[in-house]
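Asks: Pasting in a structure now, in structure tokens, and then I'll have a few things to ask.
Bear in mind that the values in this text are calculations on the coordinates, not laboratory data. This is a predicted model, so every value here is computed, not measured. No Cβ is skipped: glycine too gets one built from the backbone with ideal geometry, and neighbour counts run over all protein chains shown.
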Amino acid sequence: MTRDAHDAHDAHDVHDTHDTHDIHDAHDAHDAHDAHDAHDLLMKNSSINKMKTIKRIGVLTSGGDAPGMNAAIRSVTRAALFNQLEVVGILRGYDGLINGKFRNLKSRDVSGIIQTGGTILKTARSEEFRTFDGRKKAYDHLLKENIDALVVIGGDGSFKGAGIFSDEFDFPIVGLPGTIDNDLYGTDYTIGYDTALNTVVQAVDKIRDTASSHNRLFFVEVMGRDAGFIALRSGIATGAEAILVPEVNTNLEQLRSYLEKGNKRKKSSNIIIVAEGDDAGGAYEIAKKVKDDLSHYEIRVTVLGHIQRGGSPSAFDRVMASKLGVAAVDALLEGKRSIMIGFMNREVSHVPFSKTIKYHRHLDDSLLRVADILTI
Ligand code: F6P
């Protein structure tokens, strides 16, 4: 593993994330027409929204589902009810907002879900919400439903949409980090990551049994199209012989020579963890590239795929989701908006959407070093 990718580190200190007003720089995607319409609407709506006390909040899940999203929905719902607020669940993410798919949530509606994977509200990646017309429809439904604020549970794409919407319509939104990728700036953990990691570890342990029995070399592909968090930690936890992540340039020559050395040392099995977004390709592609030079190895490829997204959330994800859900409602009641509620250095963090969109979270250097020392 080479370290070239680490020169990409930006110097932004996470402690400055408590500035919740910096919402303007992330919206490059707007075209001028959208911005103009948005400005008019903003002027019309800002006085209404600023004066409004929050009485009724909406909650939705967006983007790829993650274990623990249900625990987060439960927490937001019960924290809101605890504060005498009404709660409305919005179905299928932003699509449900655009199409008016709402469902009132009471305490009993979120019973028995803390232990379940997926999301009872369903989720989607909404194309229509990328357009101003789609967002305007969504805003009209929110007004009709008397919803005063939103909690969006999702990843960076969902926060990008939330930031644009909140800016255009001056609408209070806070986000909860829900993605198995753990790649959001300003939080040490995202809801779902711990469970996915444990799913991968269990699967790779099983692969190790069969790999050792046959003296085989396995390439195991894990999720993470832009980020290697799942790959790095699962690789360390399973004693993988090599870990290939998008953040670090993959040197296939180096990999071949490592594997040669392993062969000479008569290692009984080799497991290479490949993040799906690795610069050298996915697991199948890499296996194809190296197989001719490693003809003494019997090579197999396993792509773990969506199994990583399902399943009952770990205790850690349940507690994290519960804690952040309560913090999201607290933040809205304190008048905060356009922020993600994260967890950083053992404390709840408030991170402006603009920063979660603009900056990338980096792999932990000390863990990369551990991987370098312990692999092969
Ligand atoms: O962002 C979560 C994630 O699971 C990624 O790790 C993966 O690349 C992607 O979603 C897969 O998306 P889809 O379920 O749309 O194929």
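Asks: Angle check, please: helix 69-82 long axis (alpha carbons) against the longest principal axis of the chain (alpha carbons), in degrees 0 to 90, nearest 10.
Replies: Taking Cα atoms only, the helix is inclined about 30 degrees.
Asks: Using a basic spin-label model with each label point 7 Å from the Cα along Cα→Cβ, how many nm lie between K206 and L252?
Replies: A separation of 3.0 nm, rounded to one decimal place.
Asks: Also: With charges set only on the Cβ (+1 for Lys and Arg, -1 for Asp and Glu), what does the dipole of region 164-263 come to about its Cα centre, in debye to the nearest 20?
Replies: So the magnitude is around 720 debye.
Asks: Using +1 at the Cβ of each Lys and Arg and -1 at the Cβ of each Asp and Glu in the chain, identify which of Y297, I357, N215 lies farthest towards the dipole's positive end.
Replies: Checking the options against the dipole of the chain, the answer is N215.
Asks: May I pose another question? State which stretch of the chain is the longest one without any exposed GluC sites (Glu not before Pro), exposure meaning a DSSP loop state and at most 11 other Cβ atoms within 10 Å.
Replies: Of all site-free stretches, the longest is 128-333.
Asks: Assuming a ≥ b ≥ c are the square roots of the Cα gyration tensor eigenvalues, decide whether region 193-310 counts as rounded (a/c under 1.5), prolate (otherwise, with a/b larger than b/c) or oblate.
Replies: Judged from the Cα gyration tensor, region 193-310 comes out oblate (a/c at least 1.5, b/c at or above a/b).
Asks: For a quick check: sort F165, F82 by the number of other beta carbons within 10 angstrom, fewest at the front.
Replies: Neighbour counts put them in this order, fewest first: F82, F165.
Asks: Taking the beta-carbon count within 10 Å as an exposure proxy, list I230, I299 from fewest neighbours to most.
Replies: Arranged by neighbour count, lowest to highest, I230, I299 become I299, I230.
Asks: May I ask which residue of I180, V110, N249 lies farthest towards the positive end of the charge dipole of the chain, with charges of +1 (Lys, Arg) and -1 (Asp, Glu) on Cβ and the Cα centre as origin?
Replies: Checked the options; the winner is V110.
Asks: Moving on. Using 0.36 nm per residue, how much length does the chain from S268 to R56 gain when fully extended, once their Cα-Cα distance is taken away?
Replies: The span from S268 to R56 would gain 70.3 nm if fully extended.
Asks: Putting +1 on Lys and Arg Cβ atoms and -1 on Asp and Glu Cβ atoms, find which of G93, A79, L150 reaches farthest to the positive end of the dipole of the chain.
Replies: Toward the positive end, the furthest listed residue is A79.
Asks: Follow-up question, since we're still on this one. For the Cα atoms of the chain, what angle does the longest principal axis make with the long axis of helix 315-333, in degrees from 0 to 90, nearest 10?
Replies: 30 degrees
Asks: Quick one: dipole size for the chain, taken about the Cα centre, charges +1 on Lys/Arg Cβ and -1 on Asp/Glu Cβ, in debye to the nearest 20.
Replies: So the dipole magnitude of the chain works out to roughly 1600 debye.
Asks: Among the trypsin sites (Lys or Arg not before Pro) within region 105-136, which fall in a DSSP loop and have no more than 13 other Cβ atoms within 10 Å of their own Cβ?
Replies: Answer by residue number: K106.
Asks: Determine ³J(HN,Hα), in whole Hz, for all residues of region 229-242 in sequence, where each value follows from phi through the Karplus function 6.51 cos²θ - 1.76 cosθ + 1.60 and θ = phi - 60°; x replaces Gly and Pro.
Replies: My calculation for region 229-242 gives 5, 5, 5, 5, 5, 5, x, 5, 5, 9, x, 4, 7, 7 Hz in order.
Asks: Hey, can you grab everything whose amide H is under 5 Å from the amide H of E221? Only 5+ residues off in sequence or another chain; H modelled, so Pro and N-termini drop out.
Replies: V274, T302, V303, L304
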